[in-house]
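Report on one structure; see the data block that follows.
The values are calculated or read from the model by the stated rules, or taken from the named source; none is laboratory data. Quantities reported herein were computed from a predicted structural model and do not represent experimental measurements. Positions of Cβ are generated from backbone atoms using ideal geometry, with glycine treated the same way; all protein chains shown enter the neighbour counts. Keep in mind that these areas ignore ligands, DNA and RNA; they rest on the heavy atoms of the full protein, side chains included. Shrake-Rupley method; radii C 1.70, N 1.55, O 1.52, S 1.80 Å.
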Number of protein chains: 2
Amino acid sequence: MTPPTLPIVRDEHQPALAIAAAGRQLPTPPVWFMRQAGRSLPEYRALRAEHAMLDACFDADLITEITMQPVRRHNVDAAILFSDIVVPLKAIGVDLDIVPGRGPVVAAPVRTRADVDRLRDLEAEDVAPVLEAIGAIRGQLRPDQALIGFAGAPFTLASYLIEGGPSRTYTHTKALMYGDPELWHALLDRLAHISGRYLELQVAAGAQLVQLFDSWAGALNRPDYVDLVQPHSRTALGYATSVPRIHFGVGTGELLEEIGAAGATCVGIDFRVDMRDAVRRVGGTYAVQGNLDPALLFAPWPAIEQRVRAIVDAGRGARGHVFNLGHGVLPETDPDVLTRVVELVHSLEGAA
Amino acid sequence: MTPPTLPIVRDEHQPALAIAAAGRQLPTPPVWFMRQAGRSLPEYRALRAEHAMLDACFDADLITEITMQPVRRHNVDAAILFSDIVVPLKAIGVDLDIVPGRGPVVAAPVRTRADVDRLRDLEAEDVAPVLEAIGAIRGQLRPDQALIGFAGAPFTLASYLIEGGPSRTYTHTKALMYGDPELWHALLDRLAHISGRYLELQVAAGAQLVQLFDSWAGALNRPDYVDLVQPHSRTALGYATSVPRIHFGVGTGELLEEIGAAGATCVGIDFRVDMRDAVRRVGGTYAVQGNLDPALLFAPWPAIEQRVRAIVDAGRGARGHVFNLGHGVLPETDPDVLTRVVELVHSLEGAA
């Protein structure tokens, strides 16, 4: 595979996490946690007890507060915007809700050309509270802390729209993908422009890097990912080439090179992949992010410490390393353990 | 990696599927489907409406009938014993049930040395109906059709025992595995001998090959799998070295070599791995099994046919190929499509 030529951002005035994600090795890896703003924090649960998920995602004050909670508590090197990957779909009028204990549920699944044609472009005013919150959050972050914007990748968004909700098997999605490639590509192209535009708006409002979540891309094998998904993720990431771009999916060990080649500067590594293998596969071309097993946070501290050190050591072999979990924080996680992991990572200084 | 020396069975009087799984390339790949005896068949649902799952698993007549249903309907090249991986645990007195819509639920999770010590050896009389059914099934199968015995691998069994039921995160399992390796190894050693003995009994009763299901091994990264799981799967498979041994886990693309090196003759390939990659990685040392995406069976026939042909073509590069899905049959699958896939595979003749 020929490594793609990527515009790698290197700005010494950027926060460390943006520099690392752009492809620069730092003496101490910056650290944040996927789903750091969420149910592991009592202060989050207290707030959410009074507000439905989607209401919170369209309230600038709540977005700001929830985004800042883990930054204050854990001293992580980045805030990630509190939101959900379906927010831009809701914003353009798709009738959906986020049902507690289940996830996003779409009232009318998208399965025809007419359904696709109804998905209109996203405009700044559709997500005004989000963009307002970004400004407020930047005002609260220290200059060395980054704000990460994010969006869902076209495949993962399509899977929710086609299935009508979360799925473990993606039968409707795959039936459409394999059975009507023309309609499939039309749908993913629409979603790519919506996701991409959402990233672009977040960057314009102040996000210093972005992460594209293709949460369920691991349900595909490599040739199908390359033919049917990757071009559209590339379209989406093409909207955010002025900032570093992390690209992550669960269970994507088979797809790491392709996930990088979709236009990322940093490849998010699932916890199932040994970080040394990941660095060998993609660390010469991209920064890597990850990849502590979130379930490991339930083990005694010495077991956690040993693996954090091993991941940091392995990450030093890559073009850049952002320390993170290899999947989102589990709701039952003790937040004090997360804080302790941040302290440990911050104490590990190596040769740059 | 040095390929392990394996006792490869080559007996011309064996059914084709046993020959292929032992590591011999055949002109036409033999075919069966994981979960072929199950909810996709109306005749199965009719029978199960009157019998709880575990009751059926300990009734020789029901085991025989349910095992034979897909063989009669689809003309597959093998029957797989109708059972469940928790059957040997139930048989030695573990208080568990299989709850519809949820899976195996264990009354008292296993988390202490005393819990481990209570797991006694499995004896033939504990699974007498299963062994009786094996004789009856062999009596109904044609000589060219194989009977596959199976067991759950120690890690997957341990995950049910420790969590108390199905899990998506394995937090208790991993906390024990990383936090108390001595107890972990004691538990897995116990389970390895129970699983292994169950395989041995099935072979003695007439099973012509076996499959070890490490369904959830894909939740582990490679170094942890090698240190904490593989030795015990090797112990289990060591009980069945007189027959070909298929070894499979979901989402195990990172672990294919290690799954083979645990003492298998045939590596089951998850649908997420491109079969050409799988053959490149392990096909020189082991036969491969798989790996049509079960969700693809919901697509139009031309899309299915194209991918069946591609998998058969790729499989010809391996030491042997057993055609199968890359995960179990989904309950909503149209059984006529499965029959058509068998007909297609049987029509594809290549150079041996």
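Return yes or no: is A:GLY249 within 19 Å of A:SER195 (Cβ to Cβ), in contact with an Asp or Glu (Cβ under 7 Å, 6 or more places away or on another chain) and not hydroxyl-bearing (Ser, Thr, Tyr)? Answer is yes for this residue. Of the residues in segment B:84-102, how many are at positive phi and either at pLDDT 95 or above or touching a Phe, Trp or Tyr at 6+ places or on another chain (Cβ under 8 Å) (or both)? Counting residues in segment B:84-102 that are at positive phi and either at pLDDT 95 or above or touching a Phe, Trp or Tyr at 6+ places or on another chain (Cβ under 8 Å) (or both) gives 1. Within the option set A:VAL243, A:VAL250, being away from chain B (no Cβ under 14 Å) and closer than 22 Å to A:LEU81 by Cβ holds for one residue only, A:VAL243.
Here the helices (runs of 4 or more DSSP H) wholly within segment B:220-329 that include at least 2 residues being touching a residue at least 12 places away in the same chain (Cβ under 8 Å), open to solvent by 10 Å² or more (accessible area, probe 1.4 Å) and hydrophobic (A, V, I, L, M, F, W, C) are B:222-228, B:301-315.
Residues in segment B:333-352 that are open to solvent by 40 Å² or more (accessible area, probe 1.4 Å) and at pLDDT 95 or above: B:ASP334, B:ASP336, B:ARG340, B:GLU343, B:HIS346, B:SER347.
Residue by residue, here is whether (1) polar (S, T, N, Q); (2) touching a residue at least 12 places away in the same chain (Cβ under 8 Å); (3) surrounded by 17 or more Cβ atoms within 10 Å (Cβ to Cβ) holds:
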| position | (1), (2), (3) |
| --- | --- |
| B:ARG72 | no, no, no |
| B:ALA78 | no, yes, yes |
| B:PHE82 | no, yes, yes |
| B:ALA91 | no, yes, yes |
| B:GLY103 | no, yes, no |
| B:ARG120 | no, yes, no |
| B:GLU125 | no, no, no |
| B:PHE150 | no, yes, yes |
| B:ALA153 | no, yes, yes |
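Per the conditions (1) under 20 Å from A:ASP126 (Cα atoms); (2) buried (at least 21 other Cβ atoms within 10 Å of the Cβ), the sole criterion not satisfied by A:GLN208 is (1).
Condition check ((1) away from chain A (no Cβ under 11 Å); (2) farther than 29 Å from A:LEU256 by Cβ) across all residues:
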| residue | (1), (2) |
| --- | --- |
| B:GLY260 | yes, no |
| B:VAL273 | no, no |
| B:GLY317 | yes, no |
| B:THR339 | yes, yes |
| B:LEU344 | yes, yes |
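Summed over segment A:159-170, the residues that are at pLDDT 95 or above, within 14 Å of chain B (Cβ to nearest Cβ) and out of contact with any Lys or Arg (no Cβ under 7 Å at 6 or more places or on another chain) give a count of 2.
Just checking, which of A:GLU200, A:GLU182, A:GLU163 is in contact with a Pro (Cβ under 8 Å, 6 or more places away or on another chain) and of a type in the set (D, E, K, R)?
That would be A:GLU163, the only listed residue that is in contact with a Pro (Cβ under 8 Å, 6 or more places away or on another chain) and of a type in the set (D, E, K, R).
Yes or no, residue by residue, for (1) modelled with pLDDT of 95 or more; (2) within 14 Å of chain A (Cβ to nearest Cβ); (3) touching a strand residue (DSSP E or B) at 6+ places or on another chain (Cβ under 6 Å); (4) in a helix (DSSP H, G or I):
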residue: B:THR173; (1), (2), (3), (4): yes, yes, no, yes
residue: B:TYR178; (1), (2), (3), (4): no, yes, no, yes
residue: B:TRP184; (1), (2), (3), (4): yes, yes, no, yes
residue: B:LEU188; (1), (2), (3), (4): yes, no, no, yes
residue: B:ALA207; (1), (2), (3), (4): yes, no, yes, no
residue: B:GLN211; (1), (2), (3), (4): yes, no, yes, no
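Checked against the criterion of being under 22 Å from B:LEU62 (Cα atoms), among the basic types (Lys, Arg) and in contact (Cβ under 8 Å) with a residue 40 or more places away in the chain, the candidates B:ARG138, B:ARG142, B:ARG113 yield just one match: B:ARG138.
Filtering segment A:291-310 for residues that are within 11 Å of another protein chain (Cβ to nearest Cβ), of a type in the set (Lys, Arg), in contact with an Asp or Glu (Cβ under 8 Å, 6 or more places away or on another chain) and under 20 Å from A:VAL342 (Cα atoms) leaves a non-empty set. Total residues in segment B:160-170 satisfying the condition of being open to solvent by 20 Å² or more (accessible area, probe 1.4 Å) and either more than 21 Å from the chain's Cα centre (by Cα) or of a type in the set (Gly, Ala, Ser) (or both): the figure is 3.
Screening A:ALA151 against (1) in contact with a Pro (Cβ under 8 Å, 6 or more places away or on another chain); (2) at pLDDT 95 or above; (3) more than 20 Å from A:SER233 (Cα to Cα) leaves a single unmet condition, (3). Just one residue in the set B:ILE311, B:ILE269, B:ILE259 is closer than 19 Å to B:LEU17 by Cα and within 16 Å of the chain's Cα centre (by Cα); that residue is B:ILE269. Residues of segment A:21-56 that are within 16 Å of the chain's Cα centre (by Cα) and assigned to a helix (DSSP H, G or I): A:ALA21, A:ALA22.
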